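For reference, the structure discussed in these notes is given below.
Where a number appears in this text, it was derived from the coordinates with a stated rule and is not lab data. Note that this is a predicted model, so its numbers are computed, not measured. Cβ placement follows ideal geometry from the backbone for every residue including glycine, while neighbour counts extend to all protein chains displayed.
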Amino acid sequence: MQPAARQTFNANFSQEKYQQFLQQLNEGMPNDIAFRVAETPIFLTADFRDRLLAAGQDIIQTILQPDFKQLTDRAIPEKWKVANENDHPHFIALDFGVCKDEAGNIVPKLIELQGFPSLYGFQVLLGDTYQSIFDMGDDWTIFFSNLDQAGYLELLKKTIIGPYQPDEVVLMDVNAFEQKTFVDFYITQQYLGIPIVSLSDLKQKGNQLYYKANGEEKLIKRIYNRLIFDEIETEGTPFEGNVDLRLPLDVEWITHPNWFYRISKFTMPYLKGGAIPKTYFLSELTDIPTDLENYVLKPLFSFAGQGVIIDVTPKDIEAIADPENWILQQKVQYEPVVQAPDGGVKAEIRLLYLWPDGNSEPTLAINLARLSRGKMIGVRYNKDFEWVGGTTAFMPK
């Protein structure tokens, strides 16, 4: 982390400025932001930025392997397989904890990965607001790959809208207007001009989908998919009363739902590199590690931290009835590298890639970060703390 920038920021910080910051973030929004935004951004050194870049590229090379789809076919639950899968994901998110290695170096360690969109719209506004309220100057950027804000938004538009008109592309979630991430939906709509729809708003005629705008039915050519199928499962009839999105519909997916499963915890055992914690499919584990206290047990088909066993025992492993659906992963020890006024805070940085149709590989575009004082990163583990929550990482230009 960049100590000089941290000292300057902390010296100039005040609760009054933080309240101004939150007020400006919420200005013009239909509702207040539904998650905690941290008091501070993260300031990366060029050296740590480069470590992140190298770690991310190692993982991308695995995803680019010709046999990647074959390796990850089992990752997709049969009941959630969607027809007409394309040949690559349009979004990749790589989460790295900020850690310390045995030599005392601050290094990134992979926590998880997703073939699914994140807060690609909100992070632009968040970076702008930090810079504006806290007078950070123009020497910092939240973007990668030599992108500026205009170039980033053009790449986002190319990825999501492509060759279509904005009203032919819908941002869709199960109950879009009730999601905690609705602020991102709303900002994306402001940037790109695309409509926001819920699953129940979709109408099917033949194999085509429509939505209503100003009383008129409009044909959908692309879905910017923000829907996670686990969220709509109800007693085995997840699409009852709604369009069954698994069918071979005449619509393009940005990104196709199958990639949510392919690029996930399932991918971890196939990855290599210094930033990758040792990870095993439980079904392929020949010997239980003698240092089991340094591992965590995770179900493959559960998300948002549900079902994770942190303090693993041999009995926990022996009790698993379906070991092919679990991984044993080496624990990642976060280093409290961000100095708050009252002590160190742990950090996680998410690299966000965009991969529009026609490009040979994904482009690392922007980042998201989270600060934590709890046992794990995430809202439920950080209640009643300050200097925690969603943020972004700034890097030297």
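Worth pointing out:
- Spin-label model distance (nm) - Gln330 vs Asn207, 7 Å beyond Cα toward Cβ: 4.7
- Ordering of 272-278, 102-108 by packing [mean C-beta count within 10 Å, highest first]: 272-278, 102-108
- Other residues with beta-carbon under 12 Å from the beta-carbon of Gly344 carry, at +1 per Lys or Arg and -1 per Asp or Glu, a net charge of +2.
- Counting Lys and Arg as +1 and Asp and Glu as -1 over every other residue whose Cβ lies under 12 Å from the Cβ of Ile42, the net charge comes to +3.
- Computed from label points 7 Å out along Cα-Cβ, the spacing between Asp287 and Met29 is 5.2 nm.
- Spin-label model, Lys315 to Glu178: label points 7 Å out along the Cα-to-beta-carbon direction sit 4.0 nm apart.
- Over segment 193-247: Kirkwood hydrodynamic radius from C-alpha pairwise inverse distances, Å: 12.4
- Sorted fewest first by neighbouring Cβ atoms within 10 angstrom, Tyr270, Tyr211, Tyr353 come out as Tyr270, Tyr211, Tyr353.
- Gyration tensor (Cα) of the chain, equivalent ellipsoid semi-axes in angstrom: 32, 29, 19
- Antiparallel DSSP beta bridges within segment 150-264, percent to nearest 5: 40
- Cross-link pairs Lys265/Lys346; Lys79/Lys212; Lys272/Lys331 - those with Cα-Cα distance over 24 Å: Lys79/Lys212
- Segment 69-76 - phi-based ³J(HN,Hα) in whole Hz, Karplus 6.51/-1.76/1.60, Gly and Pro as x: 4, 4, 4, 10, 4, 5, 5, 8
- Summing charges over all other residues whose Cβ lies under 15 Å from the Cβ of Leu119, with Lys and Arg as +1 and Asp and Glu as -1, gives 0.
- 3J(HN,Hα) couplings calculated from phi for segment 284-293 with the Karplus curve 6.51 cos²θ - 1.76 cosθ + 1.60 (θ = phi - 60°) are, in sequence order, 9, 7, 7, 9, 6, x, 5, 9, 4, 5 Hz; Gly and Pro show x.
- Here r is the Cβ-Cβ distance between Gln65 and Lys397 and R0 is 30 Å; the resulting FRET efficiency, rounded to 0.05, is 0.35.
- Ellipticity at 222 nm from helices only: DSSP H runs of n ≥ 4 in the chain, each -39500 (n - 2.57), divided by the residue count, give -6500 deg cm²/dmol.
- Length released on extending from Glu361 to Glu217, taking residue separation times 0.36 nm less the Cα-Cα span: 48.3 nm
- Among Glu231, Glu324, Glu112, the order by Cβ neighbours within 10 angstrom, fewest to most, reads Glu324, Glu231, Glu112.
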